[in-house]
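All of the numbers you see were taken from the coordinates with simple rules; none came from a lab. What you see is a predicted model, and the numbers here were worked out from it, not measured in a lab. All Cβ positions, glycine included, derive from the backbone under ideal geometry; neighbour counts span all protein chains shown.
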Ligand code: FES
């Protein structure tokens, strides 16, 4: 048979109700403390370890990269192209009107002031992620003299901007700063 709690029965059990409330509150408090105790180690485990933090940025000596040359390196497990543009390559990039570009950016937007010859990009095609050609000596650079992605035929110009093919955007320029004339920090 169902029991119906009335005001009268609640009053008659007032002492018991209070005791039960206390037990409930104590149980909730204990559960709360347990939750904090178990969440903290989980959050702590999710913090990056020292070796991961060290990989967050790299320093690259660029002193041996001559004008017209480029190198491939890697950062956060992704290929990076560092290219020392020639004066004609810089002029070619600057001669392009932004109206002609699918992803309008100037060479100046993509490089550091006073160091426009240093073009630093991810070596990852923005279409489906292949590694474009053009950074290693003798590799085909595509119709615009920058990089060429052989997977589906994307052509990037001398500022690594997309000019032809299916890639939607320019090669990504990672955050970087020059620590000196010969050392650049990426990340
Ligand atoms: S992945 Fe580069 S063109 Fe498709």
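Tabulated data
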{"item": "Residue exposure sequence - 141, 77, 185 - by fewest surrounding Cβ within 10 Å", "result": "77, 185, 141"}
{"item": "Inter-probe distance in nm under a simple model that places probes 7 Å from Cα toward Cβ, at residue 181 and residue 65", "result": "1.7 nm"}
{"item": "Label-point separation, residue 56 to residue 87 (7 Å along Cα→Cβ), nm", "result": "4.2 nm"}
{"item": "Least to most buried among 126, 158, 169 (fewest other Cβ within 10 Å first)", "result": "169, 126, 158"}
{"item": "Gain in span if fully extended, residue 172 to residue 103, counting 0.36 nm per residue against the direct Cα distance", "result": "23.7 nm"}
{"item": "Per-selection Rg to Rh, the range 87-178 - Cα, Kirkwood hydrodynamic radius", "result": "0.93"}
